[in-house]
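Have a look at the structure below before the remarks.
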Amino acid sequence: MNTALNTVYHQRRQHLLAQMHAQGGGVALLPTAPEVMRNRDSDYPYRHDSHFYYLTGFSEPEAWLVLVAGEKDQAILFCREKNLEREIWDGFRHGPAHAQEKFGFDAAYAIEQLGSEMPRLLANQPAVFYALNSSRDLDHKLQRWLDAVRAQSRSGVTAPHAAFDLLHLIDEMRLFKDAHEIDIMRRAAQISAQAHVRAMQTAAPGKMEYEIEAELLHEFRRHGSQFPAYGSIVAGGANACVLHYRGNDAKLKDGDLLLIDAGCELDSYASDITRTFPVNGKFSAAQRTLYDIVLAAQAAAIAATQPSNRFIDPHNAAVNVLAQGLLDTGLLKGSLDEVLESGSYKQFYMHRTSHWIGMDVHDVGAYRELNARSEETASRILQPGMAMTIEPGLYIRPADGVPEHFWNIGIRIEDDALLTPTGCEILTSGVPNKADEIEALMRH
């Protein structure tokens, strides 16, 4: 790892240690994710825990980070020993000594020493910081270590008397992206945009949804992405009205729309794009009417995505446009105020417009102000450095009173936005979203 990256992770650990000191100091415990068996003799591809990686840059399994906020702050790594025989089968291992030097820890031990070292590190500390109630295994390990400390009470050794939620502290740190993160997220968004362009250029009547999914995955990997950020949704026709459609096994039909919700993960950071376009390259009149409503809703939401506004404001802006559009098309009756108050628009738009994005596609961070005094002030105030999706949609299932030419049209348009001091930067603008631009792209 280069010096600049070491500095990034070191600074994050220092920031966390400062927060621990503000609560009286203590010891923080953070394991990475375990390896998970897929089926007999086969594991799922390993992916480290996001919180752990955010503070360490260390991607091997069977590892723990321990931070000591005391008279002398310490960042300690527990990891697998070097094992040349296992490396023949499973690949390179850093080992404690090399990991300490490369990743800038104050100390590093073999993972087998965790049980013997933790009572020593917890002794005479005022508090322990860990992911409260997140894992029975973690709870049991901590209980054993605390019991070992308490067993020394006659010798004047004390155990921590307070516990704090470590994840809450890290969540708030991760909510604000630093320059290193923003650079990776821009590149991830660019790769995903290229993949969506490829999908538009490849789609045609008679192809299978999974063929288009394969084009996405090809483009992700070709540009260095390690994984998809989530299971890709490739939904033709009525399948687009299933919000979390996963089949990806239907044939694309002439005259249908294709909704693709897909993004890559690059260097542990997610991207998230949705585009909807005609399989045959030409929107029908009904499709174009609804598509332009969703696009206008997204534009309104983007305009509302700026510092000092609240997280809920882009959603409200999108809902206003969608509701008015549903009235204009005759899909809803009444006045705009009546539609908004009754929530009748939720028949056709039933999800929120945004979520945080970062190391996880649905990233961490509170959506409400921590000390809100009323519902009016509850929604989080947007600030530079936050990153979020903007994804309005309309989903028209067959139903009484719904004109047949609108049936089975599902449309969602999603982009990733980074809050800036003056507004927001759309990271995923490399793939067109205007109907005319999409049709022009598909003609070539």
**Residue under evaluation ASN316, criteria (1) within 27 Å of the chain's Cα centre (by Cα); (2) in contact (Cβ under 8 Å) with a residue 24 or more places away in the chain, criterion not met** = (2)
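Each row is one residue, and each column tells you yes or no for (1) closer than 19 Å to ALA440 by Cα; (2) in contact (Cβ under 8 Å) with a residue 24 or more places away in the chain; (3) in the same structural domain as ILE409 (by TED's automatic domain parsing).
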{"residue": "ASP261", "(1), (2), (3)": "no, yes, yes"}
{"residue": "ASP267", "(1), (2), (3)": "no, yes, yes"}
{"residue": "ASN280", "(1), (2), (3)": "yes, yes, yes"}
{"residue": "SER284", "(1), (2), (3)": "yes, yes, yes"}
{"residue": "THR289", "(1), (2), (3)": "yes, yes, yes"}
{"residue": "ILE293", "(1), (2), (3)": "no, yes, yes"}
{"residue": "ALA296", "(1), (2), (3)": "no, yes, yes"}
{"residue": "ALA299", "(1), (2), (3)": "no, no, yes"}
**Message:** I need the full set of residues from region 379-393 which are loosely packed, with under 15 Cβ neighbours inside 10 Å and either over 25 Å from SER271 (Cα atoms) or β-branched (Val, Ile, Thr) (or both), in order please.
**Reply:** ILE381
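Using the structure shown, decide if ALA159 is in contact with a Leu (Cβ under 9 Å, 6 or more places away or on another chain), closer than 30 Å to ALA229 by Cα and modelled with pLDDT of 95 or more. Before you say what the answer is, go through the steps one by one.
Details: in contact with a Leu (Cβ under 9 Å, 6 or more places away or on another chain): yes; closer than 30 Å to ALA229 by Cα: no; modelled with pLDDT of 95 or more: yes.
No, not satisfied.
Can you tell me which residues in region 334-372 are more than 30 Å from ALA189 (Cβ to Cβ), without any contact (Cβ under 8 Å) to a residue 12 or more places away in the chain and not in a loop (DSSP other than H, G, I, E, B)?
Narrowing region 334-372 to residues more than 30 Å from ALA189 (Cβ to Cβ): 334-344, 347, 371-372.
Now narrow it down to the ones that are without any contact (Cβ under 8 Å) to a residue 12 or more places away in the chain: 334-335, 337-338, 341-343, 371-372.
Within region 334-372, ASP337, GLU338, GLU341, SER342 meet the criteria.
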**Item:** Number of positions in region 220-243 that are of a type outside the set (Ser, Thr, Tyr), within 27 Å of ILE184 (Cα to Cα) and surrounded by fewer than 22 Cβ atoms within 10 Å (Cβ to Cβ)
**Value:** 8
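Only one of these is touching a residue at least 40 places away in the same chain (Cβ under 8 Å), more than 18 Å from GLY25 (Cβ to Cβ) and hydrophobic (A, V, I, L, M, F, W, C): PHE129, PHE78, PHE103. Name it.
PHE103
Which residue, of HIS180, HIS98, HIS168, is of a type outside the set (A, V, I, L, M), in the same structural domain as SER59 (by TED's automatic domain parsing) and either in contact (Cβ under 8 Å) with a residue 40 or more places away in the chain or over 24 Å from TYR46 (Cβ atoms) (or both)?
Only one candidate passes the filter, namely HIS168.
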**Item:** Members of region 320-330 found to be hydrophobic (A, V, I, L, M, F, W, C) and surrounded by fewer than 21 Cβ atoms within 10 Å (Cβ to Cβ), listed by number
**Value:** VAL321, LEU327
**Prompt:** Taking the condition in contact with a strand residue (DSSP E or B) (Cβ under 6 Å, 6 or more places away or on another chain), modelled with pLDDT of 95 or more and in the same structural domain as PRO205 (by TED's automatic domain parsing), does ASP272 pass?
**Reply:** yes
**Prompt:** Are there any strands (runs of 3 or more DSSP E) wholly within region 1-101 with 1 or more residues that are among the aromatic types (Phe, Trp, Tyr), and if so which?
**Reply:** 64-69, 74-79
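Going through region 136-149 one residue at a time, which ones are without any contact (Cβ under 8 Å) to a residue 60 or more places away in the chain and closer than 16 Å to GLY115 by Cβ?
Start the filter on region 136-149 by keeping residues that are without any contact (Cβ under 8 Å) to a residue 60 or more places away in the chain, which leaves 136-137, 139-141, 143-149.
If the condition is that a residue be without any contact (Cβ under 8 Å) to a residue 60 or more places away in the chain and closer than 16 Å to GLY115 by Cβ, then ASP137, ASP139, HIS140, LYS141, GLN143, ARG144, TRP145, LEU146, ASP147, ALA148, VAL149 are the ones that fit.
How many residues are over 19 Å from ALA235 (Cβ atoms) and touching a strand residue (DSSP E or B) at 6+ places or on another chain (Cβ under 8 Å) when one looks only at region 172-192? Reasoning before the result, please.
Taking region 172-192 as the starting set, the residues that turn out to be over 19 Å from ALA235 (Cβ atoms) are 172-191.
After this cut, where a residue has to be touching a strand residue (DSSP E or B) at 6+ places or on another chain (Cβ under 8 Å) as well, the list is 175, 177, 181-182, 184-185, 187-189, 191.
Count: 10.
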**Residue list for region 244-268, filter: under 22 Å from ALA435 (Cβ atoms) and surrounded by fewer than 21 Cβ atoms within 10 Å (Cβ to Cβ)** = LYS253, ASP254, GLY255
**Fill in**
Considering region 231-270, residues that are charged (D, E, K, R) and under 20 Å from the mean Cα position of the chain (by Cα), and then whichever is nearest to HIS218 (Cα to Cα), we arrive at GLU265
**Request:** Kindly indicate the residue of region 334-360 that is under 20 Å from TYR291 (Cα atoms) and of a type in the set (D, E, K, R) and also surrounded by the most Cβ atoms within 10 Å (Cβ to Cβ) among those meeting that condition.
**Result:** ARG352
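When the residues of region 211-236 are filtered to those that are in a helix (DSSP H, G or I) and in contact with a strand residue (DSSP E or B) (Cβ under 7 Å, 6 or more places away or on another chain), which remaining residue is nearest to ASP267 (Cα to Cα)? Break it down into steps so the answer makes sense when it comes.
Of the residues in region 211-236, the ones in a helix (DSSP H, G or I) are 211-222.
Among the residues that remain, those that are also in contact with a strand residue (DSSP E or B) (Cβ under 7 Å, 6 or more places away or on another chain) are: 212-213, 216-217, 220.
Details: ILE212: 24, GLU213: 21, LEU216: 18, LEU217: 16, PHE220: 12 Å.
Going through the qualifying residues, I end up with PHE220.
Does ASN408 fit the bill of being in the same structural domain as PRO278 (by TED's automatic domain parsing), touching a Cys at 6+ places or on another chain (Cβ under 9 Å) and not hydrophobic (A, V, I, L, M, F, W, C)? Don't jump to the end; show me each part of the working.
Working: in the same structural domain as PRO278 (by TED's automatic domain parsing): yes; touching a Cys at 6+ places or on another chain (Cβ under 9 Å): yes; not hydrophobic (A, V, I, L, M, F, W, C): yes.
Taking the combined requirement at face value, the residue satisfies it.
The values are calculated or read from the model by the stated rules, or taken from the named source; none is laboratory data. Quick caveat, the model's predicted, so the values are computed rather than measured. Note that each Cβ is placed from the backbone with ideal geometry, even for glycine, and that neighbours are counted across all protein chains shown.
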